[in-house]
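The values are calculated or read from the model by the stated rules, or taken from the named source; none is laboratory data. Being a predicted model, the structure only gives us computed values, none of them experimental. A quick note on method: Cβ atoms are made from the backbone with ideal geometry, for glycine too, and the neighbour counts reach across all protein chains shown. These area figures cover heavy atoms from the full protein model, side chains too; ligands, DNA and RNA do not enter into them. Shrake-Rupley method; radii C 1.70, N 1.55, O 1.52, S 1.80 Å.
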Amino acid sequence: MGRTRRKITVVGAGFVGSTTAQRLAERDYADIVLVDIIEGMPQGKALDLLEAGPVERYDARVIGTNGYAETAGSDIVVITSGVARKPGMSRDDLLLTNAKIVGDVTRSVVAASPEAIIIVVSNPLDAMAQLAHHVSGFPRERVIGMAGVLDSARFRTFIAMELNVSVEDVTAFVLGGHGDTMVPLPRYSTVAGIPITELLPPERIQALVERTANGGAEIVSLLKTGSAYYAPSSSIATMVDAIMLDKRRILPCAAYLQGEYGIDGLYVGVPCKLGASGLEEIIQITLTEAEAAALQRSAAAVRDLANVLRQNGLLPA
Ligand SMILES: NC(=O)c1ccc[n+]([C@@H]2O[C@H](COP(=O)([O-])OP(=O)(O)OC[C@H]3O[C@@H](n4cnc5c(N)ncnc54)[C@H](O)[C@@H]3O)[C@@H](O)[C@H]2O)c1
């Protein structure tokens, strides 16, 4: 009997990973494998999710494991494993800790699912995507980072709140690395097709842009421990939908640039077409001088992190 259902693996069964598994199980288009190093934890969460199936009416099988045998032949693998920054930890400390985890995880993922499309979520996002791309040896079409969908969802939320309109009518674009240097693009952010630059004064737009850039930190400071996971998991599921259902959606994702936007050999957030084969196209849009400069600054911040990985022998020189 051949396998008939498709398979999605989520590595890391913490807040982001388990919420992602829930959202994907509820979509009911694939079986879900949840992997974590903590014994019993992914198994317990998976069983709990499986038992929600009869009530929510999904047949997706949900399996939890501490290994990779069950992940074999996955169509998509979402990597959320890693640690969050703790007081006293430098950014580089977090970078190297998560680099070790993401590197090890990627090797195991690739051995079990050589044809998978990898969606990287662990932070610092762009550097982790760069590492997973290198370690996997996969083409750039099959290693994509999630950040822009989340950042633009936050921007859309704040625009809708400001204008008292439905979030459904708001589209927004955020480019660049996932961090303080992200580049929200008001000119390409619209309400029912009308650019927000026509609807809001520049100082209000600037306030929304700043709140978006600090969107993650705002939630971390409220939660005190841990970081956001509802909107991140929704954003991951949007990317998975685009691939699983071959929707060819244009979404801002971290992609390996090879000259696009004047950036070479680096993961940076840009508009991407996502479909059945993963990254199908990088859309190049015209930027103003100020926007282009902001994107270059953002890319420089990613390059700094990639250089730390290089100095530690984790990326080739
Ligand atoms: N890209 C984004 O927009 C975005 C958004 C939110 C969170 N994140 C990042 O996602 C990551 C996960 O966040 P979270 O809130 O779920 O954290 P969490 O601490 O709740 O979960 C992380 C899980 O990874 C597991 N893990 C650690 N090493 C592992 C390994 N080698 N193999 C398998 N599992 C392993 C841990 O046991 C833990 O359960 C963090 O790095 C966070 O910064 C990124």
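Side notes on the structure shown:
- Any hit, region 198-212, residues being among the hydrophobic types (A, V, I, L, M, F, W, C) and over 24 Å from Ala294 (Cα atoms): no
- Counted residues, region 272-288 - those being of a type in the set (A, V, I, L, M) and touching a strand residue (DSSP E or B) at 6+ places or on another chain (Cβ under 6 Å): 4
- Tally, over region 102-133, of residues that are within 15 Å of the ligand (Cβ to nearest atom) and part of a strand (DSSP E or B): 3
- Residue within region 19-39 that is of a type outside the set (S, T, N, Q), at pLDDT below 95 and either open to solvent by 20 Å² or more (accessible area, probe 1.4 Å) or farther than 19 Å from Met146 by Cα (or both) present: no
- Close pairs (6 angstrom Cβ cut-off, 6 or more residues apart or separate chains): in contact (Cβ under 8 Å) with a residue 60 or more places away in the chain in region 99-115, near the ligand (Cβ under 8 Å from one of its atoms) and open to solvent by 10 Å² or more (accessible area, probe 1.4 Å) anywhere: Val105/Ser81
- Hey, Val170 β-branched (Val, Ile, Thr) and either crowded, with 19+ Cβ neighbours inside 10 Å or within 24 Å of the chain's Cα centre (by Cα) (or both) or not: yes
- Which numbered condition Asn307 fails, given (1) closer than 20 Å to Pro139 by Cα; (2) part of a helix (DSSP H, G or I); (3) over 15 Å from the mean Cα position of the chain (by Cα): (1)
- Residue list for region 134-148, restricted to those being surrounded by 24 or more Cβ atoms within 10 Å (Cβ to Cβ) and more than 9 Å from the ligand (Cβ to nearest atom): Val143, Ile144
- Residue match in region 49-72 (condition: open to solvent by 90 Å² or more (accessible area, probe 1.4 Å), more than 10 Å from the ligand (Cβ to nearest atom), closer than 21 Å to Val120 by Cβ and at pLDDT 95 or above): no
- Hits in region 105-116 (condition: farther than 10 Å from Val11 by Cβ and open to solvent by 10 Å² or more (accessible area, probe 1.4 Å)): Arg107, Val110, Ala111, Ala112, Pro114, Glu115
- Region 149-167, subset of a type in the set (D, E, K, R) and open to solvent by less than 40 Å² (accessible area, probe 1.4 Å), residue nearest to the ligand (Cβ to nearest atom): Asp151
- Given (1) within 18 Å of the chain's Cα centre (by Cα); (2) away from the ligand (no atom under 13 Å from the Cβ), number of the condition Thr19 does not satisfy: (2)
- Selection of first residues in region 49-68 that are of a type in the set (Asp, Glu) and of second residues that are open to solvent by 20 Å² or more (accessible area, probe 1.4 Å), restricted to Cβ pairs under 6 Å at least 6 apart or on distinct chains, gives the following pairs, ordered by first then second residue: Glu56/Glu26.
- Within region 230-271, considering residues that are among the small types (Gly, Ala, Ser) and touching a strand residue (DSSP E or B) at 6+ places or on another chain (Cβ under 6 Å), the one nearest to the ligand (Cβ to nearest atom): Ala254
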